Amino acid sequence: MPNYWLMKTEPNTFSFDDLKKSPKKTTCWEGVRNYQARNLMRDEIKKGDNVLFYHSNADPPAVVGTAKVVKEAYPDVFQFDPKSKYFDAKAKPEEPRWLMVDIRYDKPFVHPVSLPELREDPRLADMALLRKGNRLSIQPVTPAEWKRILKLGGLASR
DNA sequence: GCCAACGTTGGC
DNA sequence: GCCAACGTTGGC
């Protein structure tokens with residue numbers, strides 16, 4: 001069974017539209033520099049898993065569509081690039097610290113589901129995203145939450 | 001191993 | 001731009 005995840009990105013940096021315009025509508029998800037998120041990629045995120053694409057620092061913040069994991073965790077090459085903002089001097093090629101996965105554009109929501117809408121829905125009250133102080137950039141989503149959010153977004157769930 | 005200082009995230 | 005919450009760093 002595929003699992004469900006939510007991935008955050010600032011649309012100013014990389015938006016859902018940017019993903020759509022990427023070659024093969026696919027991108028590597030570089031720049032995750034948090035151990036908890038890294039461990040999720042390393043241990044749990046599998047090819048074929050489903051992703052809610054979330055725009056943070058947006059007006060309003062919202063889930064805007066879905067994506068699919070098309071490649072499982074492999075070393076994030078930007079950790080070795082001194083010119084990259086994601087460079088990590090302590091990472092060595094023979095012992096990478098940071099990982100990334102590849103995701104592919106799937107479906108845009110008919111109606112983006114904003115953060116206030118998510119908060120309003122009692123069925124989503126336990127969502128990790130809505131917990132106070134939550135900053136994790138990749139987080140698990142339950143099947144029930146997935147189904148509900150797709151419905152709110154105007155997509156029939158599969 | 002504690003914890004203060006610092007940097008970052010992200011909603012508002 | 002503000003600031004609360006959180007993760008990481010580094011001195012001790």
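The values are calculated or read from the model by the stated rules, or taken from the named source; none is laboratory data. What you are looking at is a predicted structure, and each value in this text was computed from that prediction instead of being measured. Positions of Cβ are backbone-derived with ideal geometry, glycine not excepted, and every protein chain shown enters the neighbour counts. Note: accessible area is taken over every heavy atom of the protein model, side chains too, but ligands, DNA and RNA are not part of it. Shrake-Rupley method; radii C 1.70, N 1.55, O 1.52, S 1.80 Å.
Out of segment A:86-158, which GluC sites (Glu not before Pro) are coil in DSSP terms and have no more than 13 other C-beta atoms within 10 Å?
A:GLU94
Cα centroid distance between segment A:94-158 and segment A:1-39, in Å?
12 Å
Among the GluC sites (Glu not before Pro) within segment A:1-81, which fall in a DSSP loop and have no more than 14 other Cβ atoms within 10 Å of their own Cβ?
Of the GluC sites (Glu not before Pro), the ones in loops of segment A:1-81 whose Cβ has at most 14 other Cβ atoms within 10 Å are A:GLU44.
Return the subset of A:LYS25/A:LYS92; A:LYS21/A:LYS147; A:LYS24/A:LYS46; A:LYS20/A:LYS71; A:LYS47/A:LYS107 for which the Cα-Cα distance in this structure is over 24 Å, preserving the input order.
On the way: A:LYS25/A:LYS92 30 Å; A:LYS21/A:LYS147 26 Å; A:LYS24/A:LYS46 19 Å; A:LYS20/A:LYS71 17 Å; A:LYS47/A:LYS107 17 Å.
Those over the limit are A:LYS25/A:LYS92; A:LYS21/A:LYS147.
Only loop residues by DSSP count here, and only those with at most 14 other Cβ atoms within 10 Å; note down the chymotrypsin sites (Phe, Trp or Tyr not before Pro) in segment A:26-84 that meet that.
none
So for chain A: antiparallel DSSP bridges make up what percent, rounded to the nearest 5?
Values: 23 of 29 bridges.
Here the share of antiparallel DSSP bridges comes out near 80 percent.
Want the number for A:LYS25 to A:TYR74: 0.36 nm per residue separation, take away the alpha-carbon distance, what's left?
Working: separation 49, 0.36 × 49 = 17.64 nm, distance 1.91 nm.
Here the segment from A:LYS25 to A:TYR74 would lengthen by 15.7 nm.
Give the ranking of A:MET127, A:MET1 by solvent-accessible surface, highest area first, calculated with a 1.4 Å probe.
Correct descending sequence by accessible area is A:MET1, A:MET127.
Tally Lys/Arg at +1 and Asp/Glu at -1 over every other residue whose Cβ is under 9 Å from the Cβ of A:VAL69; what's the total?
Details: positive: A:LYS46, A:LYS47, A:LYS68, A:LYS71, A:ARG104; negative: A:ASP49, A:GLU72, A:ASP102.
Cβ neighbours under 9 Å give a net charge of +2.
With unit charges on the beta carbon (Lys/Arg positive, Asp/Glu negative), name the residue among A:PRO60, A:GLN79, A:HIS111 whose Cα is farthest towards the positive pole of the charge dipole of segment A:37-139.
Of the listed residues, the answer is A:GLN79.
Could you state the accessible area per residue of segment A:48-158 in Å², with a 1.4 Å probe and every protein chain left in place?
Result: 56 Å² per residue.
What distance in nm separates the simple spin-label points at A:LEU130 and A:LYS147, each placed 7 Å from Cα in the Cβ direction?
Simple spin-label model gives 1.7 nm for this pair.
So what's the convex hull volume per residue for the Cα atoms of segment A:4-152, in Å³? Don't skip to the end; give the middle numbers.
Values: hull volume 17.3 nm³, N = 149.
Spelled out: Cα convex hull of segment A:4-152, divided by residues, is 116 Å³.
So how exposed is A:SER56, as accessible area in Å² (1.4 Å probe, rounded to 10)?
Near enough 30 Å² of accessible area.
Counting only protein heavy atoms and a 1.4 Å probe, tell me what percentage of chain A's accessible area is made up of carbon and sulfur.
After summing per-atom areas, the C and S share lands at 51 percent.
How big is the dipole moment of chain A about its Cα centre under a simple scheme where the beta carbon of each Lys and Arg is +1, that of each Asp and Glu is -1, and everything else is neutral? Debye, nearest 20, please. Walk me through the numbers before you get to the answer.
Numbers: 28 positive and 21 negative charges, 41 e Å.
Computed charge dipole of chain A: roughly 200 debye.
Distance in nm between label sites at A:ARG119 and A:ASP88, each 7 Å beyond Cα in the beta-carbon direction?
If labels sit at A:ARG119 and A:ASP88, their model points lie 3.3 nm apart.
Working from Cα positions, state the angle (0 to 90°, nearest 10) between the long axis of helix A:143-152 and the longest principal axis of chain A.
Computed tilt is about 60 degrees.
How about A:LYS83: which aspartates and glutamates have a C-alpha closer than 17 Å to its C-alpha, ignoring those fewer than 8 places off in the same chain?
Hits, sequence-local ones excluded: A:GLU30.
Rounded to the nearest 500 deg cm²/dmol, what is the calculated helix-only ellipticity per residue at 222 nm for chain A, with -39500 (n - 2.57) per DSSP H run of length n ≥ 4?
Mean residue ellipticity at 222 nm (helix-derived): -5000 deg cm²/dmol.
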